[in-house]
Each structure stands twice: as structure tokens, then as C-alpha cells.
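The block underneath contains the structure these notes are about, expressed in C-alpha cells.
The values are calculated or read from the model by the stated rules, or taken from the named source; none is laboratory data. Model, not experiment: these values are computed from the prediction. Here Cβ is always computed from backbone atoms with ideal geometry, including for glycine, and neighbour counts include all displayed protein chains.
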Amino acid sequence: MPAYERITYRITIDTERCNGCNNCTTACPVNAELMKKKNFDPDERVIAIKNGVAVVINPFRCDGDGICMIVCPEDCITIEFIPLSEYQDAEQEKTEV
């Protein structure tokens with residue numbers, strides 16, 4: 001399974017505190033790589049600005065580097081590491097249902 005199909009990081013954004021500055025979306029290296037493509041799928045981005053605030057579009061793509069957290073002036077982005085064992089346990093539960 002490719003790394004981007006496995007959630008190893010959980011990115012959350014406190015939309016109440018977000019000012020929509022767009023720093024996170026432009027700093028995200030995953031977003032930057034996608035923008036280099038001629039016909040990129042906007043749903044592949046990790047973060048985007050929607051209705052004036054940053055929202056997580058595709059958490060599967062997050063590489064956990066934390067640049068978005070560093071550039072956020074409102075300190076409203078959190079990235080939490082998810083151990084692979086926790087992810088595998090969740091996958092196991094899905095297949096048993």
C-alpha cells in the first residue's frame with residue numbers, strides 16, 4: 001500500500017481560530033508538488049481555503065512535516081502521529097464488520 005494511502009498523521013484545523021491567511025496551503029510541500037502538474041486534481045491537496053478558512057481536503061496525503069503548523073499565525077493547525085499499529089487495528093476492524 002502506498003504511503004499516501006495510509007494515514008500515519010492526523011491533521012486538524014481549528015476553523016474558529018483560522019483567519020484564512022492561506023499560509024498553510026502555500027507552504028505545504030504536497031500542495032506545491034501537485035500545483036506543478038498541468039492537470040492536478042484539487043481533491044488531492046492536503047489543505048485548501050474554503051469559505052474563508054483552511055480545511056483539510058485529503059488527510060491521506062499529509063506527510064507530517066509540520067510546515068503548515070509553523071507558518072500558521074493563529075496556531076490553529078495540529079498534526080498528530082498515528083502509530084501504524086493503530087491504523088492497522090482500525091483496518092482490521094473494518095474488514096471484520
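Being surrounded by fewer than 16 Cβ atoms within 10 Å (Cβ to Cβ) and modelled with pLDDT of 95 or more is the filter here; which residues of segment 75-96 pass it? Residues satisfying the conditions are ASP75, THR78.
What strands (runs of 3 or more DSSP E) lie completely within segment 42-87 and have 2 or more residues being in contact with a Lys or Arg (Cβ under 8 Å, 6 or more places away or on another chain)? Give the steps one after another, and end with the answer.
Numbers: elements: 47-50, 53-56, 77-81.
Those strands (runs of 3 or more DSSP E) span 77-81.
If the condition is being loosely packed, with under 14 Cβ neighbours inside 10 Å and at pLDDT below 60, then segment 1-14 contributes MET1, PRO2, ALA3, GLU5.
When the residues of segment 15-70 are filtered to those that are of a type in the set (Lys, Arg) and surrounded by fewer than 17 Cβ atoms within 10 Å (Cβ to Cβ), which remaining residue is farthest from PHE81 (Cα to Cα)?
Looking only at segment 15-70, we keep the residues that are of a type in the set (Lys, Arg), and these are 17, 36-38, 45, 50, 61.
Retained after the next criterion (residues that are surrounded by fewer than 17 Cβ atoms within 10 Å (Cβ to Cβ)): 17, 36-38, 50.
On the way: ARG17: 22, LYS36: 28, LYS37: 28, LYS38: 32, LYS50: 25 Å.
Among those residues, the one meeting the criterion is LYS38.
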